[in-house]
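Input: a single structure, listed below in structure tokens.
The values are calculated or read from the model by the stated rules, or taken from the named source; none is laboratory data. Source: prediction; values computed, not measured. Glycine also receives a Cβ, built like all others from the backbone with ideal geometry; neighbour counts cover every protein chain displayed.
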């Protein structure tokens, strides 16, 4: 049965409580889009937060298992299963006539009470897990793939089978770029269902700054990423050490750490062994809040991010959003030709790219920028212009709303 949109007022539902309203535009009810993400919101999830706060033609709500980092990514229309008390869960069980597996009951109830018109699942596994809920409420569903969900996870035959069902029953699938699109097609997703939708970054909080060398001769390099093989951080550090032998003024800030996942701790040991080398000039600061990352972007000259395909198949899928953010501030980028990185920068104009795992080529590109600081400003300006054209969060939110509107049909 078609769902009706929420008639709006100013109040909003918060974290599992009963909904009161959505939003209006000129007195017209705006369609409610329910965004599903397993945890709202992991510390690197700025690219999920951006469209939520930039939509103007739809009312977004978030439905999630649990909440975290709400001080960094505030959002009010939020419904979290783990926020329910035991009494509420018992009540849900009675309503759903079940004692276990209450999440689908909770999710279905939220969708119905909020009069959602469309589901947007973030990450492939979330889309697969939402299929029965989608069927129960009869709503169209968009699923966004972002990286390991389309690469590493898809190696598992169980998930390949789940994805087959998802591709059959889902209505649209969003890929960050053409490399990600090819990956989804190789998994069996129908071509007519795959839409390239580029991620946006908040340009208002990423101001452009001309990069010029310090009078002291120090060149500041920023590396940022989870300590995971696909980030290529050991290659980045090895390239820095090779260049630093001839240019001792190099200084590196390393943002990131292990999340404790399988393989991350091994990667961390390798990274820290490199960081702890004598005269490494690497300042490892661990994970940092998004606001600190934004500040550090403006304090460095070059962004270094040589992603690789991991041995277990893990991949960026698209491209690290940190590269887009760095380019937005006018920082020249040294990276790899991995996945969709060649689409978020312009090789030879805003960035210098080398093949994956080619430390020699990576070091050559880094040394070129270190020895030619006069190219920093023009490269930075081209990078900013490229991001403004393709990755402005406000513009991309509008393009995402165009996708929603096409799925909902005329008048919705």
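Which count do you get for residues in the stretch 121-131 that are buried (at least 24 other Cβ atoms within 10 Å of the Cβ) and part of a helix (DSSP H, G or I)?
Summing the residues that are buried (at least 24 other Cβ atoms within 10 Å of the Cβ) and part of a helix (DSSP H, G or I) in the stretch 121-131 gives 2.
Pull up the stretch 261-295, narrow it to residues that are under 26 Å from the mean Cα position of the chain (by Cα) and assigned to a loop (DSSP other than H, G, I, E, B), then point me to the one that is modelled with the lowest pLDDT.
Among those residues, the one meeting the criterion is 262.
Inspect the stretch 205-223 for any residue being at positive phi and assigned by TED's automatic domain parsing to the domain that holds residue 336 and give the result as yes or no.
For the stretch 205-223, residues at positive phi and assigned by TED's automatic domain parsing to the domain that holds residue 336: present.
Just the residues that are under 20 Å from residue 318 (Cβ atoms), touching a strand residue (DSSP E or B) at 6+ places or on another chain (Cβ under 6 Å) and assigned to a helix (DSSP H, G or I), please, taken from the stretch 340-379.
341
On the basis of being in contact (Cβ under 8 Å) with a residue 24 or more places away in the chain, within 18 Å of residue 408 (Cβ to Cβ) and more than 21 Å from the chain's Cα centre (by Cα), does residue 131 make the cut?
Values: in contact (Cβ under 8 Å) with a residue 24 or more places away in the chain: yes; within 18 Å of residue 408 (Cβ to Cβ): no; more than 21 Å from the chain's Cα centre (by Cα): yes.
The answer is no for residue 131.
Which of the residues spanning the stretch 225-247 are without any contact (Cβ under 8 Å) to a residue 60 or more places away in the chain and more than 26 Å from the chain's Cα centre (by Cα)?
Initial filter on the stretch 225-247 (without any contact (Cβ under 8 Å) to a residue 60 or more places away in the chain): 227, 233-234, 237, 241, 244-245.
Answer for the stretch 225-247, where residues must be without any contact (Cβ under 8 Å) to a residue 60 or more places away in the chain and more than 26 Å from the chain's Cα centre (by Cα): 241, 244, 245.
Conditions tested, residue by residue: (1) in contact with a strand residue (DSSP E or B) (Cβ under 9 Å, 6 or more places away or on another chain); (2) at pLDDT below 95; (3) part of a helix (DSSP H, G or I).
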| residue | (1), (2), (3) |
| --- | --- |
| 36 | yes, no, no |
| 60 | yes, no, no |
| 93 | no, yes, yes |
| 106 | yes, yes, yes |
| 110 | yes, no, yes |
| 119 | yes, no, no |
| 133 | yes, no, yes |
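Taking the conditions exactly as written (in contact with a strand residue (DSSP E or B) (Cβ under 8 Å, 6 or more places away or on another chain) and in contact (Cβ under 8 Å) with a residue 24 or more places away in the chain), does residue 322 satisfy them or not?
The answer is yes for residue 322.
Please find, among 354, 350, 305, the residue that is modelled with pLDDT of 95 or more, within 20 Å of the chain's Cα centre (by Cα) and surrounded by 22 or more Cβ atoms within 10 Å (Cβ to Cβ).
Numbers: 354 fails: within 20 Å of the chain's Cα centre (by Cα); 350 fails: within 20 Å of the chain's Cα centre (by Cα).
The conditions single out 305.
For the stretch 282-295, which residues satisfy the criterion of being within 24 Å of residue 368 (Cβ to Cβ) and surrounded by fewer than 17 Cβ atoms within 10 Å (Cβ to Cβ)?
To start, the set of residues in the stretch 282-295 that are within 24 Å of residue 368 (Cβ to Cβ) comprises 282-283.
If the condition is that a residue be within 24 Å of residue 368 (Cβ to Cβ) and surrounded by fewer than 17 Cβ atoms within 10 Å (Cβ to Cβ), then 283 is the only one that fits.
Only one of 350, 354, 280, 305 is under 20 Å from residue 151 (Cα atoms) and outside the structural domain of residue 41 (by TED's automatic domain parsing); which?
Numbers: 350 fails: under 20 Å from residue 151 (Cα atoms); 354 fails: under 20 Å from residue 151 (Cα atoms); 280 fails: under 20 Å from residue 151 (Cα atoms).
The conditions single out 305.
For the stretch 139-159, name all the residues that are surrounded by 16 or more Cβ atoms within 10 Å (Cβ to Cβ) and assigned to a loop (DSSP other than H, G, I, E, B). Quick ask: steps written out before the conclusion?
Narrowing the stretch 139-159 to residues surrounded by 16 or more Cβ atoms within 10 Å (Cβ to Cβ): 139-154, 159.
Listed by number, the residues that qualify are 139, 140, 145, 146, 147, 148, 149, 150, 151, 152.
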